[in-house]
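Let me begin by presenting the structure, written as structure tokens, before commenting on it.
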Number of protein chains: 4
Amino acid sequence: MDTHEIEIRVRYNETDSMGFLHHAQYFVYFELGRTELLRARGGNYRDVEAAGLFLVVVQLECRFRKSARYDELLTLQTTLEKITPAKMHHKYRLYRAGELLAEAQSVLACVDRQGSIQRLPEDGDLPAWLARRAAAPPA
Amino acid sequence: MDTHEIEIRVRYNETDSMGFLHHAQYFVYFELGRTELLRARGGNYRDVEAAGLFLVVVQLECRFRKSARYDELLTLQTTLEKITPAKMHHKYRLYRAGELLAEAQSVLACVDRQGSIQRLPEDGDLPAWLARRAAAPPA
Amino acid sequence: MDTHEIEIRVRYNETDSMGFLHHAQYFVYFELGRTELLRARGGNYRDVEAAGLFLVVVQLECRFRKSARYDELLTLQTTLEKITPAKMHHKYRLYRAGELLAEAQSVLACVDRQGSIQRLPEDGDLPAWLARRAAAPPA
Amino acid sequence: MDTHEIEIRVRYNETDSMGFLHHAQYFVYFELGRTELLRARGGNYRDVEAAGLFLVVVQLECRFRKSARYDELLTLQTTLEKITPAKMHHKYRLYRAGELLAEAQSVLACVDRQGSIQRLPEDGDLPAWLARRAAAPPA
């Protein structure tokens, strides 16, 4: 298991009339978590797309436990749980000062520009795999 | 089971670099589906909040099957599956020309301004219940 | 002058903690106004991009006079004021029940995939010009 | 003149099909710039609202010079140019590695919960003024 932690401050436009962080916005935060987890491991999602690959979300699930408000500084824990040849499984835990606000999980697939499923690396090392793909594109 | 259907056209700002409707945006569409289902039954979510009640999302789940693109006209089917004293359960099916793009479900709770859980109407008639609450606020 | 009118209902996620439609969201509405003005004249912005052209915003200005709230049904008037070889000038007026909420104007340029400025049609007929471009791509 | 600088990384959902940071998103960045300028001067916009005051945008203008892309790290310079009894004037300059991407300006007014205009502090010291308001609410 591979976990990374980032801090995110709630922006004004991300709140709604109820005074809370809008529920759809949590999924934007989870995407930031994935991006920064990959960057912390030496990869970069821009390089993924430059190599002609796209990580697309195929499943999302979230339980909202407490609400968040404007300007609060939240902590997001992102964990890459599992890579199978077809899919990446992440888990997320969003906290405010140690209090759990939300728990979520996602499943991503890797496709090429034509939308065909691409096999993910069996050793789970996405940055190294991307480097190999970039160096040697398929004939 | 109570189902309602609306059409939604994908806006330019809702797409992303990949060229697709961004995955977090689906949850905004599902919220529109709930709003319009309530309106079609004679209720209005503004009246819910004016009565001091808030329907908060406590759980979301979505399976993404096909992607959508800018300017496509989508059809969203929203179904109120069940109301328990504590929660409302909705299901969603998003289509483009009859092709299923995504399936989702949500659970909402009803809270007052202080965040205390409020009992939902056992007969499932939210508009009538709201009318009664508005007419006779708690002492 | 060429004017078109659309109705837009304020979405919940477009409001903020203050209880109002967030100011950045007005520019999303103005973009919808341009899209629908073009569609009403027989054009489609998807076809513009399919022809390898992109209308990019180079200048925006907005005066906010009254705020809008969740679920309000607004009327947006979009006017194509002028097309020069280099730029398109639009004006916008956003109303709620006849009351002016905001006035704005934008300038757009037309570029190709490489970002080079493209000359706009001198007769101002963008749909016809796009049709000609699509039929006869440059050698 | 009072200037503050922050870094902002372009999020995936903030881009659009064209592959660029969507133009409406720039105004979200400018709002972050104002928030962080105030924080750097010892104030906090949450305290402003807690004191029953709201800074509302009444005018915006932006010139877009170059586009930005996903994951780029931008630098935003926010300057409080002038405070009159009625209005605050800010200027913004957004850069990528020293290259100017956009220039903008905004005018904000201060209103109370009823929407009545409130006089801003003549010495321009918003944090101190807020502290005074919070300590001595009007009779």
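Just so it is clear, none of the values below were taken in a lab; they were calculated from the coordinates. Remember, it's a predicted structure, so these values are computed and weren't measured experimentally. Backbone-built Cβ (ideal geometry, glycine too); neighbour counts: all protein chains shown.
Comparing B:30, B:54, B:20 in a Gaussian network model of chain B (Cα springs below 10 Å), the most mobile by mean-square fluctuation is B:20. Mind checking which lysines have their Cα closer than 22 Å to the Cα of residue A:91? Skip sequence neighbours fewer than 8 apart in that chain. Partners within reach: A:66, A:82.
Could you tell me the relative contact order of the range C:57-139? Use alpha-carbon pairs under 8 Å, at least six residues apart, and round to a whole percent.
Details: 137 pairs, mean separation 24.3, N = 83.
It comes to 29 percent, rounded to a whole number.
Convex hull volume of the C-alpha atoms in the range A:1-77, normalised per residue: 123 Å³. Between the Cα long axis of helix C:126-135 and the first principal axis of chain C there is an angle of about 40°, rounded to the nearest 10. Seen from residue B:87, the other residues with C-beta closer than 11 Å to its C-beta sum to a net charge of +1, counting Lys and Arg as +1 and Asp and Glu as -1. Shortest first, residue C:66 label-point distances to identical copies amount to 4.1, 4.3, 4.3 nm, with the label point at 7 Å from Cα along Cα→Cβ. Summary of the geometry: the range D:61-133 and the range D:1-45, compared by the centres of their Cα atoms, lie 10 Å apart. Taking the alpha carbon gyration tensor of the range A:75-139, multiplying each eigenvalue by 5 and rooting it gives semi-axes of 30, 12, 10 Å, largest first. Taking the Kirkwood radius as Rh and the Cα radius of gyration as Rg, chain A has a ratio of Rg/Rh equal to 1.02.
By the beta-carbon count within 10 Å of each Cβ, the least crowded to most crowded order of C:116, B:17, A:67, fewest first, is C:116, A:67, B:17.
Find the percent of Cα-Cα distances in the protein assembly as shown that exceed 35 Å, and round it to a whole number.
Numbers: 62099 of 154290 pairs.
Taking all Cα-Cα pairs of the protein assembly as shown, the fraction more than 35 Å apart is 40 percent.
In this assembly of identical copies, the label point of residue D:95 (Cα plus 7 Å along Cα-to-Cβ) is separated from its counterparts by 3.7, 4.6, 5.4 nm, sorted shortest first. Have a look at C:59, C:114, C:77 and tell me which one the Gaussian network model of chain C (Cα, springs below 10 Å) gives the largest fluctuation. Among C:59, C:114, C:77, the largest mean-square fluctuation in the Gaussian network model of chain C belongs to C:114.
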